[in-house]
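Below you'll find the structure, written out as structure tokens, and then a few comments.
Just so you know, all these numbers are worked out from the coordinates, no wet-lab data involved. What you are looking at is a predicted structure, and each value in this text was computed from that prediction instead of being measured. With ideal geometry, Cβ positions are generated from the backbone for all residues, glycine too; neighbour counts draw on all protein chains shown.
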Amino acid sequence: MKKVLFFSMLVFATGLLFSCTSDSPDNGGQGGEPSGSAGSLSYGDQTYKTVKIGIQTWMAENLNYNVSGSRCYGDSTGGDNQNRCGTYGRLYDWSTAMGFASNCNNSTCSSQIQYPHQGICPPGWHIPSNDDWDKLFRYVDGTSGTESPYDSETAGKHLKAKSGWNENGNGTDKYGFSALPGGDGYSDNSFYSVGNYVNWWSSSASESNSNIAYSRYIYYIIDGAYWSYDFKSVLRSVRCVQD
């Protein structure tokens, strides 16, 4: 819990602050060069950009699928929040993202998790597991390995969009992943750090703590992309990856 609690405290304190999955996070030491063409996918009322990175195909935008339990950043205060959903996508607690009943935020529900797990992603797509995220980060790094979950010291820089990040914390968008900092939300209707960071859910949940699931985040003042885990009730962004 130390890693996630430290990260959550940092955020609160500053206020600024299409491939098959594999059982192995090893990407085989691929070279990390942009490797695929852009595409598109229609889902709900929106058409999403997609991009092939290595042997994976990802949505190149955060999911903006309006389902019960999802929120736009700051929607407790009105204003331009629908515009924020259009820019950053919607925010979801873990159970909503996974398509589970809300009580799964407080219980393991491990028997319901499938790999790949579609959740609220379109048919043929799924909520990324830790293995999926590891594979993406290692491809960007051009490394191989088996450690999971995997922290990358460089992937954030190359996965960030070229604009939209606070204090010139923009990236190269080398792969067309176009990560934008949608912030997050909490059960008390508070929202934090839009412009500063993005945190995406993983379908992988903690086996030892029923309230916890894994996620991946990118922060505006660092070049890395890292794993964390947090309470399932926190509202995070979602990216879908193709089966």
Order of Thr57, Thr146 under a 10 Å beta carbon neighbour criterion, fewest first: Thr146, Thr57
Fewest-first sequence of Cys85, Cys121 by Cβ atoms within 10 Å of each Cβ: Cys85, Cys121
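Figure the gain on full extension for Ser144 and Asn209 (residue separation times 0.36 nm, minus the Cα-Cα span) and round it to one decimal in nm.
On the way: separation 65, 0.36 × 65 = 23.40 nm, distance 2.93 nm.
In short, 20.5 nm is gained.
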Additional length obtainable on full extension of the chain from Ile222 to Asn83, 0.36 nm per residue less Cα span: 47.4 nm
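For Asn170 and Gln46, what does the FRET efficiency come to when R0 = 25 Å and r is the distance between their Cβ atoms, rounded to the nearest 0.05?
Details: r = 24 Å, r/R0 = 0.97.
E(calc), rounded to 0.05, equals 0.55.
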Phi to ³J(HN,Hα) by Karplus 6.51 cos²θ - 1.76 cosθ + 1.60 over segment 42-47, Hz, x for Gly, Pro: 9, 8, x, 9, 9, 9
Local electrostatic count at Cys109 - Lys and Arg +1, Asp and Glu -1, tallied over other residues with Cβ under 15 Å: -1
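Hey, which of these cross-link pairs are over 19 Å Cα-Cα: Lys160/Lys232; Lys135/Lys232; Lys135/Lys160; Lys49/Lys162; Lys49/Lys160? Don't skip to the answer; put the middle values down first.
Numbers: Lys160/Lys232 25 Å; Lys135/Lys232 23 Å; Lys135/Lys160 17 Å; Lys49/Lys162 16 Å; Lys49/Lys160 15 Å.
Table pairs above 19 Å Cα-Cα are Lys160/Lys232; Lys135/Lys232.
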Glu61, Glu147 arranged by Cβ crowding within 10 Å, fewest neighbours leading: Glu147, Glu61
In nm, spacing of pseudo-spin labels at Ser37 and Val67 (7 Å Cα→C-beta vector): 3.1 nm
